[in-house]
Amino acid sequence: MRGPRVVFPFKQSYCRPVNGLTALGPRGPPDEGALSKMSFTVAHITDPHLSPAPMPGLADLRLKRVMGFINWKRGRERLNDMALLKRLVADLRAQRPDHVAVTGDLVNIGMAAEFQRAALWMETLGEASDVSFVPGNHDAYVRASMPLLEATFAPWTAGDEPRGGATFPYLRVRREVAIIGLSSAVPTGPLMATGRLGKTQIEAFAALLRETGASGLARVVLIHHPPIAGITPPLRGLSDASAFQRVVREFGAEAILHGHTHQQAVRSLPSRAARTVGGAVPVLGAPSAAAAARDPRYRAAYHLVRLDREGERWRVRARARGLAPESQAIGEREALSV
Ligand SMILES: [Fe+2]
């Protein structure tokens, strides 16, 4: 039986007005103490798989779509709870983060109606300048989804400056934080969920890490697939994860946020160029924001990732808010040991 229909409200801005504000106020540079207190919180929410998945019509029939629809009916339809997602978003808004990061899989089988719904949902998160998006494999489900993907999410993938016509990687600088969005979403065959960045994107990513690192910014990287080789099952991983790791090892980053596995996970990548207090790059995966799962690692939550400047370095902390372990209440969950 299906629950009550949920209608997401239109634009309700809740983020602090971070754009246009820099550490420099109208009366000139602040004192050193004020600069050292720079703190920025990114809310990371991922993989809502907005439901229900529409049944493919004759014009939309593709083997992968039909298989995806059957899979959704058999599993995700029961697990995905849109009323729960709505409550989670309300909780996220009440936390008033400085920025919201969405790491993909808003749609299920890449149909036009799903993209329209995805745009409405993105608008509930805040002003587009305060919300960044990177796509997941479901957002690039079949080749025909790609133009829809690009057009639908343009407001949330617009970089501060155009970079030669390519959308990814994009760079959005907010105060002293560089948000770098990557696309690992590529159309694949049935039963596959692999991701790929490609040589051109990886080279541009390296340049962005180098430039923003030289400017002393905290670099927060958004990517759908976990960018660590060997941690996802075959046919589900990032095929060029090792190239990603090489770039991060050489140029550093201060946080990497991903989705895809629907599982809460804290990992790290070594990098001498990282300017975190601990010296490594935290790699944080969040569970699906709509999953009414029993297992706490998979139970719906979002992360609040906070970056505090400490001299030349950044202290990165993260905590989770979501469904309580034994009730339907949404509130504070565990702190993540970053
Ligand atoms: Fe995914």
Alpha carbon convex hull of segment 37-336, volume per residue in cubic angstrom: 117 Å³
Simple label model, 7 Å out from Cα along Cβ direction - Ala90 to Ile70, nm: 3.9 nm
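Set the Förster distance to 30 Å, then compute FRET efficiency between Arg163 and Arg319 from the Cβ-Cβ distance, nearest 0.05. It would help to have the intermediate numbers written out before the result.
Working: r = 33 Å, r/R0 = 1.11.
Once the sixth-power term is evaluated, E becomes 0.35.
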Whole-angstrom gap from segment 299-329 to segment 104-177, using each part's C-alpha centre: 23 Å
Relative contact order (%) - criterion: Cα under 8 Å, at least six apart; region: the chain: 18 percent
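In segment 194-301, what trypsin sites (Lys or Arg not before Pro) fall in a loop by DSSP, with at most 14 other Cβ atoms inside 10 Å?
Here the sparse-neighbourhood loop sites are Arg272, Arg294, Arg297.
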Separation in nanometres of the label points that stand 7 Å from Cα toward Cβ, at Met192 and Lys37: 5.3 nm
Excluding exposed DSSP-loop GluC sites (Glu not before Pro) (at most 10 other C-beta within 10 Å), longest clean stretch of the chain: 1-311
Gain upon complete extension [Ala83, Arg297; 0.36 nm per residue less C-alpha separation]: 75.0 nm
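Coordinate-derived values only; no laboratory data. Model, not experiment: these values are computed from the prediction. Methodologically, a virtual Cβ is constructed for each residue, glycine included, from the backbone with ideal geometry; neighbour enumeration extends over all protein chains shown.
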